[in-house]
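The values are calculated or read from the model by the stated rules, or taken from the named source; none is laboratory data. Everything numeric in this text was worked out from a predicted model, so none of it was measured. Cβ placement follows ideal geometry from the backbone for every residue including glycine, while neighbour counts extend to all protein chains displayed. We work out accessible area using only protein heavy atoms, side chains counted, and drop any ligands, DNA or RNA first. Shrake-Rupley method; radii C 1.70, N 1.55, O 1.52, S 1.80 Å.
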Amino acid sequence: MANTSQHRNPTTSTGAPPLKPGDEAPAGTPGTGENICPVCNGSGRVSAKTCVNCSGTGRVTTGIGGG
């Protein structure tokens with residue numbers, strides 16, 4: 001029997017996407033912002049493969065400012 005369930009992007013219990021390896025915090029966390037992935041320089045690819053740091057998005061969530 002064929003699997004007829006629809007594939008969905010996984011989410012956390014808050015409905016937000018799960019953290020990528022390069023994320024320092026969940027998106028929307030105060031004091032953070034979207035940044036270009038330092039591993040793939042925003043391309044989402046490394047050596048013709050999906051960047052594992054940003055999961056292929058080219059972006060990571062990092063802390064901003066300082067203090």
**OP:** Run residue 22 past the list (1) modelled with pLDDT under 95; (2) open to solvent by less than 50 Å² (accessible area, probe 1.4 Å); (3) touching a strand residue (DSSP E or B) at 6+ places or on another chain (Cβ under 7 Å) and report the number of the one that doesn't hold.
**Re:** (1)
**OP:** Out of the residues in the range 25-43 that are hydrophobic (A, V, I, L, M, F, W, C) and either outside any loop (DSSP other than H, G, I, E, B) or touching an Asp or Glu at 6+ places or on another chain (Cβ under 9 Å) (or both), state the one that is modelled with the lowest pLDDT.
**Re:** 27
Subject >> Per-region count, the range 32-56, residues closer than 14 Å to residue 19 by Cα and open to solvent by 80 Å² or more (accessible area, probe 1.4 Å) >> reply: 2
Original post:
In this structure, does residue 60 turn out to be assigned to a strand (DSSP E or B), in contact (Cβ under 8 Å) with a residue 12 or more places away in the chain and surrounded by 13 or more Cβ atoms within 10 Å (Cβ to Cβ)?
Top reply: yes
Subject >> Every residue from the range 45-57 that is over 14 Å from residue 25 (Cα atoms) and in a loop (DSSP other than H, G, I, E, B) >> reply: 47, 48, 51, 52, 55, 56, 57
Original post:
Which number in (1) surrounded by 14 or more Cβ atoms within 10 Å (Cβ to Cβ); (2) of a type outside the set (Lys, Arg); (3) under 16 Å from residue 65 (Cα atoms) marks the one condition that residue 28 misses?
Top reply: (1)
